[in-house]
1. How many of the residues in segment 45-84 are in contact with a strand residue (DSSP E or B) (Cβ under 8 Å, 6 or more places away or on another chain) and surrounded by 12 or more Cβ atoms within 10 Å (Cβ to Cβ)?
2. Please go through segment 11-28 and pick out each residue that is at pLDDT 95 or above and in contact with a Phe, Trp or Tyr (Cβ under 7 Å, 6 or more places away or on another chain).
3. Of everything in segment 1-20, what is within 12 Å of Ser90 (Cβ to Cβ) and either free of Cβ contacts under 8 Å to residues at least 60 places away in the same chain or in contact with a Leu (Cβ under 6 Å, 6 or more places away or on another chain) (or both)? Give them in sequence order.
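The values are calculated or read from the model by the stated rules, or taken from the named source; none is laboratory data. Worth saying up front: this structure is predicted, and the values here are computed from it rather than measured. No Cβ is skipped: glycine too gets one built from the backbone with ideal geometry, and neighbour counts run over all protein chains shown.
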Amino acid sequence: MSAYQKLDEVPYDFNRKRLSILFKTESTHLIITKGALKNILDVCSTVETGEGKAIAIADQRQKLHQQAQDLGSKGFRALGVAYRDFNQDSFTKDDETNMTFLGYLALFDPPKAGIANTLKDDKERRSHEQLEKCCSQVLTTLSPGALLRLCEHFL
């Protein structure tokens with residue numbers, strides 16, 4: 001890492017959902033970007049293969065999303081990482097274009113203990129609230145006579 005000098009940064013924000021840093025090496029300037037996979041892929045025009053060759057990303061997008069979903073099913077949250085060569089000492093978010101997708105940053109994010117019970121309780125609570133709302137709407141639209149017959153049926 002000592003060969004890399006940080007020159008500039010475009011911080012993460014909730015609209016772009018990514019962070020970019022401009023580095024300088026002896027021979028080049030490089031923008032490296034990480035963030036939400038969809039937002040990273042949106043600024044990429046190529047993807048780097050395992051052999052280090054950059055190919056068009058268009059035919060690879062579905063495969064890249066599937067790989068991220070596979071990571072997600074194993075308890076990982078997948079962020080995307082991309083880069084591009086650059087020839088200036090500063091940059092803006094508008095320079096986050098024509099990037100090369102490099103890969104994933106997989107963060108282990110397992111479900112919290114007890115989440116199944118929390119979800120079950122929440123589902124039951126929402127079902128009860130929806131039932132009450134539905135019944136309330138139906139009961140307010142019934143005529144008094146129909147409401148009386150309905151009550152007699154259940155009592």
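1. Step one: list which residues in segment 45-84 are in contact with a strand residue (DSSP E or B) (Cβ under 8 Å, 6 or more places away or on another chain), which gives 45-49, 54-57, 60, 64, 67-68, 71-72, 75-84.
Still in the list and also surrounded by 12 or more Cβ atoms within 10 Å (Cβ to Cβ): 45-48, 54-55, 57, 60, 64, 67-68, 71-72, 75-84.
Residues meeting the conditions: 23.
2. Those that are at pLDDT 95 or above and in contact with a Phe, Trp or Tyr (Cβ under 7 Å, 6 or more places away or on another chain): Arg18, Leu19, Leu22, Phe23.
3. Lys6, Leu7, Asp8, Glu9
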